[in-house]
Amino acid sequence: MCGIVGYIGDKNCVPIIIEGLKRLEYRGYDSAGIGIINGKECKVIKTKGKVSELEKLVYKEKLESNLGIGHTRWATHGEPSTVNAHPHLNKDKTLFLIHNGIIENYLSLKKGLLKEGYEFLSETDTEVLAHLIDHYLKLKHSLFQAVRYALNEVEGTYGIAVIYKGEPDKIIAARKGSPLVLGIGDNENFVASDVNALIAHTKKVVYLEDGEIAEVYKDKFETKTVADETIIKEIHQVDMKIDELSKGGFAHYMLKEIMDQPESIYNSMRGRLVYDEGVPKLGGLQGFEERIINSRRIILAACGTSWHAALVGEYMIEQFAGKAVEVEYASEMRYRNPIIDKDDTVIFISQSGETADTLAAMKEAKKKGALCIGICNVVGSTIARESDAGVYIHAGPEIGVASTKAFTSQIVVLALITLLLARKRNLSLPEGQDIIKHMKKLTEKVDSILKQNDYIKSIAEKYVNSKNFLYLGRGYNFPVALEGALKLKEISYIHAEGYPAAEMKHGPIALIDDNMPVVFIATKDSVYDKVISNIQEVRARKGRILAIVNEGDDQIETMVDHVIKVPKTHNMLTPILTVVPLQLLAYHIAVMKGLNVDQPRNLAKSVTVE
Ligand code: G6P
């Protein structure tokens, strides 16, 4: 989703901003722009399409300045186009504004501004804010005050950066509901919507909170609330290396992240397994264990892939910790007036920690007094900071829009939470130790699946021209069926549906003929025989079948077109293994179709608007 980069300092901001925008490309966008102000000129260059296009234009113009802002836009109001791209300008082209989020009352603000004689070039909500700030500047307010007054009139969400020719020694940055960080350098400072954009220059960051506004100079910064109270912000040190953001020799981030999984899974449990006691050590939940255990029920809320991880969590916690669990789409939960109170624990799962729906659902649950726990990947993200307690998944930066390693790490952390709760209830020491033993073997097992990459690619070749796919699984493999289908549709644009295998007979079976590939996830568990019956039903109707089975299974092999074998593990950890071949299958099909795997059309990595 939209990205913001701003620079003020002694260096030429242009390459810094372009490089920062490239580091934000993974979030998904459709147009880009840059605005610079120096003594001689105020210049804006915008384009539809990629940052590489913008880069060509910028270098052709030989732009140079010590002050500038850049943006990648993901269209909400108005089509992707050069005119709708940011920065947006005031009338005399001296003020530049970039904005993430949505100004909900932009139409009524626009009406007022039109009456004052302001003219609008774009269809965006953002342009309204540029003119509104201009309106206050004309009333002789400083830039800081003008932005503050304008923001007080705005309903909706924003992360903004503003520069102005009249005060060329600063960037004004403000946030409400859309992430924004300041990067603190040596005689240079940065503004960004994501630390990835500034990590090459500084590891010192200041996270702005909702309703905060900052005046950023090259050698200092001051912060206030939009209501004009002064606030002192803490400077945090980010623990991330720049090479974690590279493709590491792989053709795509997605492939690198799939291949990273032995390491990311290991990192999610590193230092957290206490074998002798058969329990995990989760520092972020310390002091909250009893409240979680005694809560009336546990609700898991998330969106997208994280929601699929939540489904796995439901199966785990109910089976081993014996607690009632509900899984909610955060987007539904936030508006449903859910029955939640102080006796509930709500666990919010979000790779980015910034998903607008998940964040809003968390605010709602907090208001109702529930204990709110975050399971996030991005350290310092809003959900991580605003939850009462939490566990980081430590999967490392995930750049590919289609989530892969975050999913397996989310399941690892859910397994750790399950173990924590289960051991406090009925799970015996040997059973706890058995789970830990299996967890420790996960990395080598995932590694052995990844070694089948070429074989999986050869299977992908056989299915690349299919127009539809059905993914079926039961029990722990039902969420994997959903995730496998989501991966395929996200990056290959092939229509794919995931279903619980037994539900096939209630509808999807009508679709089955010799053109319909069906992917079964059929590991040896308590419903294995039932899944075999489902396989037979598809076979009888000439469907093409690819099955994910356990090593040593030679029964299913005789019934289906293709099999991919995965090692056996503890029942509840199965999804961590069975999802991996499905990630690779989707990846190879998308690559064979010549598609942009890392930045699929219309999708955003971090959906910070509703
Ligand atoms: C977007 C991404 C998905 C992701 C979902 C939830 O739709 O494209 O890959 O699963 O958001 O994101 P979160 O960061 O909250 O896990």
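The residues of segment 260-291 that are out of contact with any Lys or Arg (no Cβ under 7 Å at 6 or more places or on another chain) and crowded, with 22+ Cβ neighbours inside 10 Å, listed by number, are Ile265, Ser268.
Quick check on my filter: what residues within segment 358-377 are near the ligand (Cβ under 8 Å from one of its atoms) and either outside the structural domain of Ala301 (by TED's automatic domain parsing) or in a helix (DSSP H, G or I) (or both)? Result: Thr358, single match. Restricting attention to segment 404-422, does a residue exist that is crowded, with 24+ Cβ neighbours inside 10 Å and aromatic (Phe, Trp, Tyr)? Yes, the conditions are met somewhere in segment 404-422.
In the set Glu461, Glu537, Glu497, Glu557, only one residue is touching a residue at least 12 places away in the same chain (Cβ under 8 Å), under 26 Å from Ile258 (Cα atoms) and surrounded by fewer than 17 Cβ atoms within 10 Å (Cβ to Cβ); that residue is Glu461.
For segment 173-180, the count of residues that are among the charged types (D, E, K, R), over 27 Å from Glu41 (Cα atoms) and in a strand (DSSP E or B) is nonzero.
Between Thr230, Thr225, Thr305, which is crowded, with 20+ Cβ neighbours inside 10 Å and either of a type outside the set (Gly, Ala, Ser) or closer than 30 Å to Leu603 by Cα (or both)? From the options Thr230, Thr225, Thr305, the qualifying one is Thr305. Kindly indicate whether any position in segment 42-51 is touching a Leu at 6+ places or on another chain (Cβ under 7 Å) and either among the hydroxyl-bearing types (Ser, Thr, Tyr) or in a loop (DSSP other than H, G, I, E, B) (or both). Taking every residue of segment 42-51 in turn, at least one turns out to be touching a Leu at 6+ places or on another chain (Cβ under 7 Å) and either among the hydroxyl-bearing types (Ser, Thr, Tyr) or in a loop (DSSP other than H, G, I, E, B) (or both). If you take the residues of segment 552-610 that are in a loop (DSSP other than H, G, I, E, B) and closer than 30 Å to Ala540 by Cβ, which of them is nearest to the ligand (Cβ to nearest atom)? If we take residues in segment 552-610 being in a loop (DSSP other than H, G, I, E, B) and closer than 30 Å to Ala540 by Cβ, then Lys568 is nearest to the ligand (Cβ to nearest atom).
Scanning segment 159-177 for residues that are in contact with a Lys or Arg (Cβ under 7 Å, 6 or more places away or on another chain) and closer than 24 Å to His141 by Cα turns up at least one hit.
Scan segment 464-484 for residues that are surrounded by fewer than 24 Cβ atoms within 10 Å (Cβ to Cβ) and either of a type in the set (A, V, I, L, M, F, W, C) or outside the structural domain of Leu511 (by TED's automatic domain parsing) (or both) and the total you get is 2.
Considering segment 504-523, the residues that are surrounded by fewer than 17 Cβ atoms within 10 Å (Cβ to Cβ) and in a loop (DSSP other than H, G, I, E, B) include one that is nearest to the chain's Cα centre (by Cα), namely Gly507.
Conditions tested, residue by residue: (1) in the same structural domain as His588 (by TED's automatic domain parsing); (2) part of a loop (DSSP other than H, G, I, E, B); (3) under 25 Å from Pro15 (Cα atoms); (4) acidic (Asp, Glu).
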position: Asn189; (1), (2), (3), (4): no, no, yes, no
position: Val205; (1), (2), (3), (4): no, no, yes, no
position: Glu209; (1), (2), (3), (4): no, yes, no, yes
position: Thr223; (1), (2), (3), (4): no, no, no, no
position: Ile232; (1), (2), (3), (4): no, yes, no, no
position: Met254; (1), (2), (3), (4): no, no, no, no
position: Glu257; (1), (2), (3), (4): no, no, no, yes
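Within segment 384-440, the set of residues being in contact with a Leu (Cβ under 6 Å, 6 or more places away or on another chain), part of a helix (DSSP H, G or I) and within 16 Å of the ligand (Cβ to nearest atom) is empty. Put simply, of Ala324, Ala309, Ala330 the only residue that is within 18 Å of Lys368 (Cβ to Cβ) and within 16 Å of the ligand (Cβ to nearest atom) is Ala330.
The condition of being at pLDDT below 90, among the basic types (Lys, Arg) and surrounded by 16 or more Cβ atoms within 10 Å (Cβ to Cβ) holds for only one of Arg27, Arg23, that being Arg27.
So, in segment 52-75, of the ones that are touching a residue at least 40 places away in the same chain (Cβ under 8 Å) and part of a loop (DSSP other than H, G, I, E, B), which residue ends up surrounded by the fewest Cβ atoms within 10 Å (Cβ to Cβ)? Looking at residues that are touching a residue at least 40 places away in the same chain (Cβ under 8 Å) and part of a loop (DSSP other than H, G, I, E, B), I get Glu64. What number of residues within segment 110-156 are in contact (Cβ under 8 Å) with a residue 40 or more places away in the chain, outside any helix (DSSP H, G or I) and not polar (S, T, N, Q)? Qualifying residue count for the region: 6. Residues that are within 16 Å of the ligand (Cβ to nearest atom) and in a helix (DSSP H, G or I) within segment 271-306 comprise Gly304, Thr305, Ser306, listed in sequence order. Of everything in segment 119-147 that is among the aliphatic types (A, V, I, L, M) and over 36 Å from the mean Cα position of the chain (by Cα), the residue that is farthest from Pro80 (Cα to Cα) is Leu139. Does Gly475 count as over 22 Å from the mean Cα position of the chain (by Cα) and on the phi > 0 side of the Ramachandran plot? Yes; evaluated as a whole, the condition is true for this residue.
The values are calculated or read from the model by the stated rules, or taken from the named source; none is laboratory data. For clarity, every value in this text was computed on a predicted model and none was experimentally measured. Cβ sites come from the backbone with ideal geometry, for glycine too, and all protein chains shown count toward neighbours.
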